[in-house]
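Notes follow once the structure below has been shown.
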Amino acid sequence: MGFLDDVQASLNRGVAGANRGVESMKLKSQLNDANKRRSQLAAQLGASLYEATKDDESFRAGREQLYDGIAQIDQERSNIQAQLDEIERQAAESAQAAAQIECPFCHTRMSATDLFCAGCGKPMAEVQA
Ligand SMILES: [Zn+2]
């Protein structure tokens, strides 16, 4: 085996090593992707099983922490949703209050929640009629 054969052999080893590295990265990425898809399906399966079994004592046995944890989080979610709904209700209310209308008698701009026109003193009932 001459010098050039040694060089060729080590080049081949280098290329094979690089190919293994690329192949290994590709497989790890595929494995990662498969794990992700499995987790998503398992979560969907778990969610549907939870709904079907949450009141079944034989299913709950030994899994109380999981069932109670999910029930507690559902309670948290519903509290958070109620707070969000309240904030949205208040936002809609203040948007309503900020709505401007124009008095048809004197053309003064006024808030929709004013009781009287600041320009001519007409009551809101007449202004909006
Ligand atoms: Zn007016």
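The values are calculated or read from the model by the stated rules, or taken from the named source; none is laboratory data. Here the structure is a predicted model, which is why all the values come from computation and not from measurement. Please note: Cβ atoms are built from the backbone with ideal geometry, for glycine as well, and neighbour counts cover all protein chains shown.
The C-beta contact set for the stretch 110-129 (first residue acidic (Asp, Glu), second residue more than 8 Å from the ligand (Cβ to nearest atom) and modelled with pLDDT of 90 or more, distance under 7 angstrom, 6+ apart or interchain) comprises Asp114/Met124.
Of the residues screened, Lys26 is not one that is under 20 Å from the mean Cα position of the chain (by Cα) and modelled with pLDDT of 95 or more.
The residues listed here are Ala47, Ala61, Ala112, Ala99; of these, the one that is within 16 Å of the ligand (Cβ to nearest atom) and either β-branched (Val, Ile, Thr) or at pLDDT below 95 (or both) is Ala112.
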